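Novice: Below you will find the structure I want to go over with you.
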Amino acid sequence: MADRYVLAVDQGTTSTRSLVFDRGGRMVAVRQREHRQFFPRPGWVEHDPMEIWANTQRTAAQVLNDVAGRGDVVALGIANQRETTVVWDRATGQPVLRALVWQDTRTADLVSELAARPDADQVAERCGMAIAGYFSGPRLRWILDHVPRARERAERGQLLFGTMETWLIWNLTGGPDGGVHVTDVTNASRTLLMDVRTCRWDPDLLAFFGIPAAMLPEIRPSIGVLGVASALSPALPIAGALGDQQAALFGQACFSPGEAKCTYGTGSFLLQNTGTELVHTRSGSISTVAYQLAGEPVRYALEGSVAVAGALVQWLRDGLGLIGTAPEVETLARTVSDNGGCYVVPAFSGLLAPHWRGEARGLVAGLTSYVTKGHLARAVLEATGWQTRDVVRAMAADSGLSLPALRVDGGMTTNNLLMQFVADALDTPVVRPMVGETVSLGAAYAAGLAVGVWSDVEALRRNWHRAAQWSPSPARARALTEEYPKWERAVQLSIAWGVP
Amino acid sequence: MPGSVQSIERAAAILQVVAASGGRLGVTDIAEAVGLAKTTTHSLLRTLLLVGFVDQDRSTGRYALGTGLLRLGSNLDVNELRARASNWADALAARSGHAVRLATLVGEEVIVVHHVFRPDDSAQVLEVGVPLPRATTALGKVLFAHSHQHTGQRTTRSGAGATAELAEVRARGWATERGEHEPGLGGIAAPVRGPGGLVVASLGVSGPQSALFDARGVPRSPVLTMVTDAAHSVSRELGHGGG
Ligand SMILES: Nc1ncnc2c1ncn2[C@@H]1O[C@H](COP(=O)(O)OP(=O)(O)OP(=O)(O)O)[C@@H](O)[C@H]1O
Ligand SMILES: [Mg+2]
């Protein structure tokens with residue numbers, strides 16, 4: 001009998017990846033394509049939705065071709081960069097403008113205006129998170145305010161809104177020709193427009209943000225058939241969709257309350273499963289939907305979102321030209337033995353968890369003539385480690401649980417210097433699973449569960465294996481605990497710098 | 001020029017023109033400058049693009065010298081190598097059930113640059129940065145067989161037997177170790193090639209000798225194929241043999 005395979009698309013911030021997994025959760029094919037990043041003004045970040053759609057089709061067709069004859073691809077799961085906002089014309093399939101990316105800060109003024117309204121308190125109460133420019137609702141509002149006739153056309157049902165998974169599913173299922181307009185509950189939970197308890201669009205929130213209901217996709221469980229990907233193959237069901245960070249939680253087999261993972265990609269995102277319980281947060285983490293199986297209650301998670309992790313390495317490469325490729329940062333960092341007193345706070349578009357200070361701006365602290373590019377490279381990597389410490393602490397305060405070990409994944413986990421630093425900074429073992437592409441794996445798991453490739457989550461749990469472990473050194477852990485206040489001071493300076 | 005290969009001569013001429021132009025020329029101008037038909041120039045440029053010797057600006061279509069050319073003189077960065085190999089190394093460990101290592105030559109030393117644990121969740125220690133003997137490990141033999149000192153030359157220190165083994169490793173595309181390094185420990189490794197075909201690393205599995213080899217010492221075929229396939233995939237990832 002031919003093997004049963006599952007296709008996953010990971011539509012990320014920097015690239016789109018298509019992967020095929022077998023029943024053992026092992027990757028059998030992968031293709032990847034980067035897309036352009038548009039920075040039209042300081043703080044603005046855009047992607048071309050058409051380019052992303054083309055890259056999706058192309059990489060998916062490539063991997064389907066790679067495995068042709070070896071097995072049957074029985075389902076497609078999609079994971080996507082979250083909060084990135086697309087509005088398009090239902091009749092033509094053309095976006096009304098480029099996608100506003102989750103790192104984009106153009107809604108800052110709008111957000112302060114909205115947050116100052118007397119009825120703003122209801123927002124956090126209903127949707128589980130305080131108003132911030134990070135989420136997609138304010139971006140959608142900005143588009144409606146700035147694109148001529150957009151609001152009027154949206155009210156008449158001519159324009160559609162979606163995050164990336166919605167945009168891709170609509171195109172995969174036929175686009176203008178009968179495309180299915182749906183979003184998954186994890187992505188919907190990041191809009192500020194959904195009631196996090198009922199998982200429905202909330203009329204009061206829609207009124208608060210001024211969003212016409214006619215343009216919104218239908219909210220669906222993350223795990224369950226959504227439509228047929230006729231653009232790729234005549235009978236391939238799209239059977240799972242999740243935000244990329246939730247997909248990674250799923251791919252890391254964190255199915256039980258208390259289990260957590262941290263993904264190190266463009267940003268870094270620590271998510272901890274809290275089961276069917278929605279945790280009330282006070283310390284700077286947020287409550288979000290983790291996933292939902294069709295017909296089952298929603299599972300929630302606590303999240304510590306850090307906007308800039310790998311993106312700081314990219315800045316070292318593209319902005320400063322100090323390295324040729326991202327992994328070379330480790331080579332450069334190893335030319336020295338410490339940070340030389342240098343700290344980099346990468347608040348490029350403010351700070352997310354646990355500070356939530358949109359006005360903060362990045363800084364390099366502690367410069368002396370002693371500091372070389374090697375020290376800078378170390379400080380860049382350490383910034384990711386320190387930020388992990390910040391969010392782990394916040395989450396422990398919110399959940400009351402401490403982490404026995406941190407499960408990690410994402411592109412930065414091939415960096416041994418960084419992973420050892422994280423282990424030392426947290427004084428906790430750091431473990432990487434056998435599949436580094438856990439975002440894709442989680443999407444594949446979601447789709448495969450829905451069509452019966454796997455019977456239940458316990459079958460998935462058995463697929464998880466440790467590929468590497470970094471254990472903390474007690475001496476380093478002590479030294480870093482002593483050093484931590486310096487990092488905290490640098491963070492305070494970056495917040496102070498941004499205050500008008 | 002007697003004995004010269006025409007397309008190489010032409011490619012060299014194109015590279016000179018591209019280098020001198022500072023990235024300002026498209027295919028028409030380059031064809032004119034080297035005195036070749038546009039279609040010929042185009043196909044030469046495409047090959048140069050494929051091996052990374054030229055880059056093309058996506059919006060203007062103009063050509064500049066590629067990073068592959070700039071890196072010719074330097075070795076592939078080991079951290080870059082690990083990052084590019086990681087997905088395939090993981091898949092190899094998961095499929096084979098054995099520990100996976102990626103090694104490269106740093107000077108004369110064989111160094112482990114990536115290590116994926118045996119997928120049985122037992123306690124294991126990350127061995128990145130550890131040197132390996134080059135004569136008794138499969139990873140070392142692959143690298144040694146393809147290192148410049150040994151291609152087409154006689155070895156000075158090792159005996160005729162070792163020389164023959166290295167020639168065989170080169171010819172068949174994989175190497176084995178059967179207890180020479182550690183008693184009972186077996187290994188199978190294959191070469192990883194960079195864009196121009198140069199061997200830049202070796203990728204292999206290690207595990208109990210009896211799990212990797214049959215009673216006659218022949219590698220068990222599913223494992224051997226997994227290793228050579230994975231090494232091939234990493235080579236492709238590095239740009240060897242086109243996309
Ligand atoms: N070896 C490395 N050391 C440090 N940073 C690295 C390394 N390799 C990759 N990165 C960084 O990690 C990021 C890429 O990781 P990954 O591929 O997981 O992200 P991504 O999936 O593209 O992110 P996103 O999903 O947010 O688009 C880049 O920002 C890059 O700078
Ligand atoms: Mg990603």
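Novice: Listed residues A:432, A:378; which is basic (Lys, Arg), buried (at least 24 other Cβ atoms within 10 Å of the Cβ) and within 16 Å of ligand 2 (Cβ to nearest atom)?
Specialist: Numbers: A:378 fails: within 16 Å of ligand 2 (Cβ to nearest atom).
Within the list A:432, A:378, the selection yields A:432.
Novice: Follow-up question, since we're still on this one. For the range A:1-57, name all the residues that are within 16 Å of ligand 2 (Cβ to nearest atom), of a type in the set (Lys, Arg) and free of Cβ contacts under 8 Å to residues at least 60 places away in the same chain.
Specialist: A:31, A:33
Novice: If you check residue A:464 against the conditions, is it surrounded by fewer than 24 Cβ atoms within 10 Å (Cβ to Cβ), among the aromatic types (Phe, Trp, Tyr) and at pLDDT below 95?
Specialist: Details: surrounded by fewer than 24 Cβ atoms within 10 Å (Cβ to Cβ): yes; among the aromatic types (Phe, Trp, Tyr): yes; at pLDDT below 95: yes.
In short, yes.
Novice: Okay, next question. Residues B:103, B:31, B:64: which one is away from every other protein chain (no Cβ under 14 Å), touching a residue at least 60 places away in the same chain (Cβ under 8 Å) and either closer than 30 Å to residue B:221 by Cα or not in a loop (DSSP other than H, G, I, E, B) (or both)? Talk me through it step by step, then tell me what you get.
Specialist: Numbers: B:31 fails: touching a residue at least 60 places away in the same chain (Cβ under 8 Å); B:64 fails: touching a residue at least 60 places away in the same chain (Cβ under 8 Å).
After applying the criteria, what remains is B:103.
Novice: Separate question: Have a look at A:366, A:385 and point out the one that is of a type outside the set (Ser, Thr, Tyr) and surrounded by fewer than 22 Cβ atoms within 10 Å (Cβ to Cβ). Walk me through it before giving the result.
Specialist: Working: A:385 fails: surrounded by fewer than 22 Cβ atoms within 10 Å (Cβ to Cβ).
Being of a type outside the set (Ser, Thr, Tyr) and surrounded by fewer than 22 Cβ atoms within 10 Å (Cβ to Cβ) holds for just one of A:366, A:385, which is A:366.
Novice: For the range A:64-123, give me each residue that is under 30 Å from residue B:229 (Cβ atoms), within 16 Å of ligand 1 (Cβ to nearest atom) and either of a type in the set (Ser, Thr, Tyr) or in a loop (DSSP other than H, G, I, E, B) (or both). Break it down into steps so the answer makes sense when it comes.
Specialist: Within the range A:64-123, the subset under 30 Å from residue B:229 (Cβ atoms) is A:64-79.
Narrowing further to those that are within 16 Å of ligand 1 (Cβ to nearest atom): A:77-79.
Hits for the range A:64-123: nothing passes.
Novice: May I pose another question? Is it fair to say residue A:41 is away from ligand 1 (no atom under 14 Å from the Cβ), away from every other protein chain (no Cβ under 14 Å) and in a strand (DSSP E or B)? Even if it seems obvious, please write down each step before you answer.
Specialist: Values: away from ligand 1 (no atom under 14 Å from the Cβ): yes; away from every other protein chain (no Cβ under 14 Å): yes; in a strand (DSSP E or B): no.
Here the answer is no, as residue A:41 does not meet what is asked.
Novice: While we're on this one: What helices (runs of 4 or more DSSP H) completely inside the range A:382-488 contain at least 3 residues that are within 14 Å of another protein chain (Cβ to nearest Cβ)? Even if it seems obvious, please write down each step before you answer.
Specialist: Details: elements: A:416-426, A:438-451, A:457-461.
Fully inside the range A:382-488 and qualifying: A:416-426, A:438-451.
Novice: So how many residues does the range A:1-37 have that are away from ligand 1 (no atom under 15 Å from the Cβ) and within 13 Å of chain B (Cβ to nearest Cβ)?
Specialist: Looking only at the range A:1-37, we keep the residues that are away from ligand 1 (no atom under 15 Å from the Cβ), and these are A:1-7, A:20-26, A:28-29.
When the remaining residues are screened for being within 13 Å of chain B (Cβ to nearest Cβ), the result is A:3, A:20-26, A:28-29.
Of the residues in the range A:1-37, 10 are away from ligand 1 (no atom under 15 Å from the Cβ) and within 13 Å of chain B (Cβ to nearest Cβ).
Novice: For a quick check of your reading of the model, give me the residue pairs whose first member lies in the range B:189-202 and is free of Cβ contacts under 8 Å to residues at least 24 places away in the same chain, whose second is among the β-branched types (Val, Ile, Thr), with beta-carbon atoms closer than 6 Å and at least 6 apart or on different chains.
Specialist: Final answer for the pair search is none.
Novice: Name every residue in the range A:299-325 that is over 19 Å from the mean Cα position of the chain (by Cα) and either in a loop (DSSP other than H, G, I, E, B) or more than 16 Å from ligand 1 (Cβ to nearest atom) (or both), in order of residue number.
Specialist: A:320, A:321, A:322, A:323, A:324, A:325 - these are the residues of the range A:299-325 that are over 19 Å from the mean Cα position of the chain (by Cα) and either in a loop (DSSP other than H, G, I, E, B) or more than 16 Å from ligand 1 (Cβ to nearest atom) (or both).
Novice: Oh, and also: Any residue in the range B:118-130 that is under 27 Å from residue A:464 (Cβ atoms), buried (at least 23 other Cβ atoms within 10 Å of the Cβ) and either within 10 Å of chain A (Cβ to nearest Cβ) or of a type in the set (Gly, Ala, Ser) (or both)? Let's see the steps before the verdict.
Specialist: Start the filter on the range B:118-130 by keeping residues that are under 27 Å from residue A:464 (Cβ atoms), which leaves B:118-130.
Now drop any that are not buried (at least 23 other Cβ atoms within 10 Å of the Cβ), which leaves B:119.
So of that shortlist, the ones also either within 10 Å of chain A (Cβ to nearest Cβ) or of a type in the set (Gly, Ala, Ser) (or both) come out as B:119.
The answer is yes, given that some residue of the range B:118-130 is under 27 Å from residue A:464 (Cβ atoms), buried (at least 23 other Cβ atoms within 10 Å of the Cβ) and either within 10 Å of chain A (Cβ to nearest Cβ) or of a type in the set (Gly, Ala, Ser) (or both).
Novice: Which of (1) within 14 Å of another protein chain (Cβ to nearest Cβ); (2) touching a residue at least 12 places away in the same chain (Cβ under 8 Å) is the odd one out, the single condition residue A:76 does not satisfy?
Specialist: (1)
The values are calculated or read from the model by the stated rules, or taken from the named source; none is laboratory data. This one's a predicted model, so the numbers in the text were calculated from it and none came from an experiment. Because the Cβ atoms are built from the backbone with ideal geometry, glycine has one as well, and the counts that use them run over all protein chains shown.
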